[in-house]
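Working notes, beginning with the structure itself.
The values are calculated or read from the model by the stated rules, or taken from the named source; none is laboratory data. Bear in mind that the values here come from a model prediction, so they are computed numbers and not experimental data. Positions of Cβ are generated from backbone atoms using ideal geometry, with glycine treated the same way; all protein chains shown enter the neighbour counts.
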Amino acid sequence: MKGTERLPSLDEETVPRDPFALFALWLAAATGIAEPEAMALATVNANGSPAARMVLLRGVDERGFVFFTNYGSAKGRDLATNERVAAVFYWGPLGRQVRIEGTVARVETEESDAYFARRPRGHQLSAWASAQSSVVSDRSALERNVAEAERRFSGKDVPRPPHWGGYRISPERIEFWQHRADRLHDRILYTRTNNGWQKSRLSP
Ligand SMILES: Cc1cc2nc3c(=O)[nH]c(=O)nc-3n(C[C@H](O)[C@H](O)[C@H](O)COP(=O)(O)O)c2cc1C
């Protein structure tokens, strides 16, 4: 990576006490990078095998990190048997990575309803038409499902499918990684304790 000597440093003495405050600063700084809200999400299935895929961060506050998906998808099935997840953001031009580990819970149905209602109609229809992660014979089968959903909801608002909604990752560990020269990167780990967050520096 070029020009990283100009990248800021991370100092455990001066970073915010609250990792969500630091996350908000870093997310704001990533504005302008393609898909700054994209994170890799890792889940573990009933056999203990991990799987990872990208999802989009759709909300964050002191309760955690929210994404939306199909509850019946492969990730949804994983999460039904094992609530533990890991997630990673990477903002290359800033030389930054954020790693999150914790557990998920479904968000309140009202929160899923509100987010679904704000989505474009085409996205809403696709949520009805696609049994995410299941094998489909060909693309035309998907398109037929969309046409059927269009007929079903013609002239009406598209309601949220019961199999679609949000999860909130409640983090136990959040690590902020800042690229520095000569591979001497800064790594500040926040670990949740009974009375707040504990900060430590990790070797790069
Ligand atoms: C940049 C990016 C963002 C994505 N965001 C989401 C998302 O927010 N929710 C979602 O269900 N799938 C999203 N996907 C698709 C997932 O990566 C994945 O293909 C899908 O959720 C099925 O995963 P699963 O079979 O492991 O459940 C995104 C893909 C990319 C490349």
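Tabulated data for the structure shown
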| quantity | calculated |
| --- | --- |
| Condition met for LEU22 (in contact with a Pro (Cβ under 8 Å, 6 or more places away or on another chain) and more than 16 Å from the ligand (Cβ to nearest atom)) | yes |
| Matching residues, the stretch 164-189, being basic (Lys, Arg) and surrounded by fewer than 18 Cβ atoms within 10 Å (Cβ to Cβ) | ARG173, ARG183 |
| Where a residue in the stretch 184-204 is under 17 Å from ARG96 (Cβ atoms) and its partner, wherever it lies, is in a loop (DSSP other than H, G, I, E, B) and among the hydroxyl-bearing types (Ser, Thr, Tyr), with Cβ under 7 Å and at least six apart | ASP186/SER9 |
| Residue pairs meeting the criteria (Cβ under 7 Å; at least 6 apart or on separate chains; first surrounded by fewer than 16 Cβ atoms within 10 Å (Cβ to Cβ), in the stretch 77-95; second of a type in the set (Gly, Ala, Ser)) | THR81/ALA46 |
| Residue match in the stretch 114-122 (condition: over 30 Å from ARG151 (Cα atoms) and either within 12 Å of the ligand (Cβ to nearest atom) or of a type in the set (S, T, N, Q) (or both)) | no |
| Complete set of residues in the stretch 71-98 that are within 13 Å of the ligand (Cβ to nearest atom) and closer than 14 Å to SER49 by Cα | ALA74, LYS75, ARG77, ASP78, LEU79, VAL85 |
| Count - residues of the stretch 63-83 that are farther than 17 Å from GLU101 by Cβ and not hydrophobic (A, V, I, L, M, F, W, C) | 8 |
| Boolean, PHE68 is in contact (Cβ under 8 Å) with a residue 24 or more places away in the chain, within 12 Å of ARG168 (Cα to Cα), within 16 Å of the ligand (Cβ to nearest atom) and of a type in the set (Phe, Trp, Tyr) | yes |
| The one condition in (1) more than 17 Å from THR69 (Cβ to Cβ); (2) under 20 Å from the mean Cα position of the chain (by Cα); (3) in contact (Cβ under 8 Å) with a residue 12 or more places away in the chain that HIS163 fails to fulfil | (1) |
| Meets criteria (under 20 Å from the mean Cα position of the chain (by Cα) and over 22 Å from ARG192 (Cβ atoms)) for ALA131 | no |
| Scan of the stretch 42-59 for residues that are of a type outside the set (Lys, Arg) and either within 7 Å of the ligand (Cβ to nearest atom) or not in a strand (DSSP E or B) (or both), ordered by number | ASN45, ALA46, ASN47, GLY48, SER49, ALA51, MET54, VAL55, LEU56, LEU57 |
| Leading residue by the ranking (nearest to the ligand (Cβ to nearest atom)) among those in the stretch 25-37 that are within 16 Å of the chain's Cα centre (by Cα) and outside any helix (DSSP H, G or I) | GLU35 |
| Residue within the stretch 150-157 that is at pLDDT below 95 and surrounded by fewer than 14 Cβ atoms within 10 Å (Cβ to Cβ) present | no |
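Listed here are the residues, each with its yes/no results for (1) more than 16 Å from the ligand (Cβ to nearest atom); (2) in a helix (DSSP H, G or I).
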{"residue": "GLY102", "(1), (2)": "yes, no"}
{"residue": "VAL136", "(1), (2)": "no, no"}
{"residue": "ALA141", "(1), (2)": "yes, yes"}
{"residue": "LYS156", "(1), (2)": "yes, no"}
{"residue": "SER170", "(1), (2)": "yes, no"}
{"residue": "ILE174", "(1), (2)": "yes, no"}
{"residue": "LEU189", "(1), (2)": "yes, no"}
{"residue": "ARG192", "(1), (2)": "yes, no"}
{"residue": "GLN198", "(1), (2)": "yes, no"}
